[in-house]
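Step one of this worksheet: look at the structure below.
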Amino acid sequence: MIGKNEIIIRQAKAEDLKSIVKAIEEMLLDDILIDYHQFIVAELNGEFAGIGRIKEYNDAKELCSLGVLPKYRGKGISRLLINELKTKAIVKPLHVVTIIPALFKKFGFEEVIKYPTSLLPKINYCTNTLGGCNNGEHYVVMKRMRHAI
């Protein structure tokens, strides 16, 4: 029996792909090379509530496509997703390209100027395709530097 406001974080399944794609489109997240195997899913009381994934590069791992659907925000779901994704990146450095650095600072990420060249296409994609800079937002690269909440 699921209790009130029970949040479950689990590995995505093939049947989640439609919901993942819809969430990515609605929240304007990274839609490059979507593979449900990379994703984890958050459910609140059995309802699809959020997603996140780790993309692997030769020289780094990237926490990306992190989002919580608007009606489920403010319930700690992003914290649970980030903590789960951090555990999946224990070998290579974990980076994030984001317009909300304050969120990731709480989890031990710090803004960096030097980062793996494999992230350059992502930065260009975010800036030119997702258009954050058009809204006055600025993408930054962050790296997990220390342990935090």
Here is a list of conditions, (1) modelled with pLDDT under 95; (2) surrounded by fewer than 18 Cβ atoms within 10 Å (Cβ to Cβ); (3) closer than 22 Å to CYS126 by Cβ, and GLU6 meets all of them except one; can you say which number that is? (3)
Taking ALA42 and the conditions (1) open to solvent by less than 30 Å² (accessible area, probe 1.4 Å); (2) closer than 22 Å to THR127 by Cβ, which numbered condition does it fall short on, given that it satisfies the others? (2)
With (1) under 19 Å from TYR115 (Cβ atoms); (2) among the aromatic types (Phe, Trp, Tyr); (3) touching a helix residue (DSSP H, G or I) at 6+ places or on another chain (Cβ under 6 Å) as the list, and TYR36 as the residue in question, which single condition is left unmet? (1)
Just checking, how many residues over segment 47-57 are farther than 11 Å from LEU85 by Cβ, out of contact with any Phe, Trp or Tyr (no Cβ under 8 Å at 6 or more places or on another chain) and open to solvent by less than 50 Å² (accessible area, probe 1.4 Å)? 2
Conditions (1) more than 27 Å from PRO121 (Cβ to Cβ); (2) aliphatic (A, V, I, L, M); (3) touching a residue at least 60 places away in the same chain (Cβ under 8 Å) -> LEU28 fails only (1)
Please report, ordered by residue number, the strands (runs of 3 or more DSSP E) entirely within segment 1-90 with at least 2 residues that are within 19 Å of THR129 (Cα to Cα). 61-68
Residues of segment 84-115 that turn out to be open to solvent by less than 50 Å² (accessible area, probe 1.4 Å), over 15 Å from GLU62 (Cβ atoms) and either among the small types (Gly, Ala, Ser) or at pLDDT below 90 (or both), as a count: 1
Condition check: aliphatic (A, V, I, L, M), out of contact with any helix residue (DSSP H, G or I) (no Cβ under 8 Å at 6 or more places or on another chain) and modelled with pLDDT of 85 or more. Does ILE77 satisfy that? yes
Quick check on segment 23-39: of everything there that is within 14 Å of LYS71 (Cβ to Cβ) and open to solvent by 30 Å² or more (accessible area, probe 1.4 Å), which residue is farthest from the chain's Cα centre (by Cα)? GLU26
Counting only residues that are exposed (fewer than 14 other Cβ atoms within 10 Å of the Cβ) and either among the polar types (S, T, N, Q) or touching a Lys or Arg at 6+ places or on another chain (Cβ under 6 Å) (or both), segment 9-22 contains a total of 1
Condition first: touching a strand residue (DSSP E or B) at 6+ places or on another chain (Cβ under 8 Å) and assigned to a helix (DSSP H, G or I). Can you find one or more residues in segment 95-103 that meet it? yes
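The values are calculated or read from the model by the stated rules, or taken from the named source; none is laboratory data. All of these numbers come straight from a predicted model, not from anything done at the bench. When we count neighbours, we look across all protein chains shown, and the Cβ atoms used for this are built from the backbone with ideal geometry, even at glycine. When the accessible area is computed, the model is the full protein with side chains, heavy atoms only, and any ligands, DNA or RNA have been set aside. Shrake-Rupley method; radii C 1.70, N 1.55, O 1.52, S 1.80 Å.
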